[in-house]
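Scroll down for the structure; my scribbles are underneath it.
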Amino acid sequence: MPLVTLPEAAVLLRSGGLVAVPTETVYGLAADATNEAAVRAIFVTKGRPAGHPLILHAHDPRPYAVFDERAERLAAFWPGPLTLVLPLRRASGVAPAVTGGHGTLAVRCPAHPLTLALLHAAGVPLAAPSANRFGEVSPTTAEHVLRSFPDLPVLDGGPCAVGVESTIVDLSGPVPALLRPGGVPAEALTLVLGDLAPSGTTAAPGTLPAHYAPRARVLVVDAAGALPAELRDAGETVAVLPRLSPTEHARTLYANLRAADDAGATVIVCERAAPGGLGAAINDRLQRAAFGR
Ligand code: AMP
Ligand code: MG
């Protein structure tokens, strides 16, 4: 039975095992971040290339990374969907596989109560990318995880409340840079820090143009209009993503892409979200899902 209780998950993690864990963003494939062999197993299980460093999840990430004044100000968003890339602390105990040998470490404190309780019970920081095979749509329910990994122990925390990955800000250099739009809107960060270098201007290891992709072809348009009917006339099986508020859109995005695949869609028509707030993260994921298809 792959569903596990919180104490079982904590024991598995402490003994070097992998457990899929809920967070407020997406489900993570977690391992003890201080255990090199356990962290390596994440890469093997996902089929994730070694050059894609992982995010360390902890109640308090300060023992593992060097916080400057900017980092302390942004830590006000924790627990929450914000990841900071900071200089790795010397003698941090973090397994080299987490950072891919980089001198920087990505850290965050997640906002899901069960994840926080698990971090407490496990007593170790957790390295966790999304609990899907590399390149696939991220999981936002325990069931999504089990579809990719039927034998993986999963801690079920219900559907993820945010539904898209964390915002990543690089504070390892003099100019703060947005590496990935996500659950915390960039506008909120700008209020605290001033202007950020926009995403795309700094190379982030493991940020690929194509990612988060369903099997069906994804078409991203400003307004669907007559397009679905035209595609049906051309013999396509068409799914149209519903028009929702930004919060609902983000929360249901991955489940809706998966549902379209399950329904046998050959094309998924997605209307672009309004650009501000969570719209930036939604449009980023839609663009990557559509890239090159
Ligand atoms: P995820 O793919 O959701 O697991 O998020 C991990 C992403 O965070 C990576 O693919 C990188 O883009 C970014 N990241 C993690 N660690 C670092 C790091 N040390 N330096 C720069 N970016 C990082
Ligand atoms: Mg992922």
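Please treat every number below as a calculation from the coordinates, not as lab data. Note that the structure is a prediction, hence the values are computed from the model and not measured. Every residue, glycine as well, gets a Cβ built from its backbone with ideal geometry; the counts of neighbours run over all protein chains shown.
Over the Cα atoms of segment 89-208, Rg to Rh with Kirkwood Rh, two decimal places?
The Rg/Rh ratio comes out at 0.97.
Select from Ala65, Ala226, Ala41 the residue whose mean-square fluctuation is largest in a Gaussian network model of the chain (Cα-Cα springs shorter than 10 Å).
Answer for the Gaussian network model of the chain: Ala226.
Using the 10 angstrom Cβ neighbour count as an exposure proxy, how do Cys109, Cys270 rank, fewest first?
So the residues, fewest neighbours to most, are Cys109, Cys270.
Using a simple charge model, +1 on the beta-carbon of Lys and Arg, -1 on the beta-carbon of Asp and Glu, nothing else, what dipole does the chain show about its Cα centre, in debye to the nearest 20?
Rounded to the nearest 20 debye, it is 460 debye.
Under 8 Å for C-alpha pairs, at least 6 residues apart: give me the relative contact order for the chain, rounded to a whole percent.
So the answer I get is 21 percent.
Is it possible to state the helix-based mean residue ellipticity at 222 nm for the chain, with each DSSP H run of 4+ residues giving -39500 (n - 2.57), the sum divided by total residues, to the nearest 500 deg cm²/dmol? What is it?
-9000 deg cm²/dmol
With the cut-off at 14 Å, report for segment 219-293 the share of all Cα pairs above it, as a whole percent.
59 percent
Please give the residues of segment 136-156, grouped as numeric ranges, whose backbone N is less than 17 Å from a label point set 7 Å along the Cα-to-Cβ vector of Ala121.
Hits in segment 136-156 for Ala121 at 17 Å: 142, 153-156.
Compute the normalised compactness of the chain: alpha-carbon radius of gyration over 2.2 N^0.38 Å, N being the residue count.
Output field value: 0.98.
When DSSP assigns beta bridges and you keep just the ones with both residues in segment 84-222, what percent turn out antiparallel, to the nearest 5?
About 65 percent, rounded to the nearest 5.
Per residue, how big is the convex hull around the C-alpha atoms of segment 180-274? Give it to me in cubic angstrom, could you?
Value for segment 180-274: 122 Å³ per residue.
Need one number: the % of Cα-Cα pairs in segment 11-108 sitting beyond the 24 Å mark.
For segment 11-108, the share of Cα pairs beyond 24 Å comes to 19 percent.
Over the chain, what is the percentage of antiparallel beta bridges among all DSSP beta bridges, to the nearest 5?
Percent antiparallel among DSSP bridges in the chain is about 45.
So what's segment 18-172 giving for Rg/Rh, alpha carbon basis, Kirkwood Rh from the mean inverse pair distance?
Result: Rg/Rh = 0.93.
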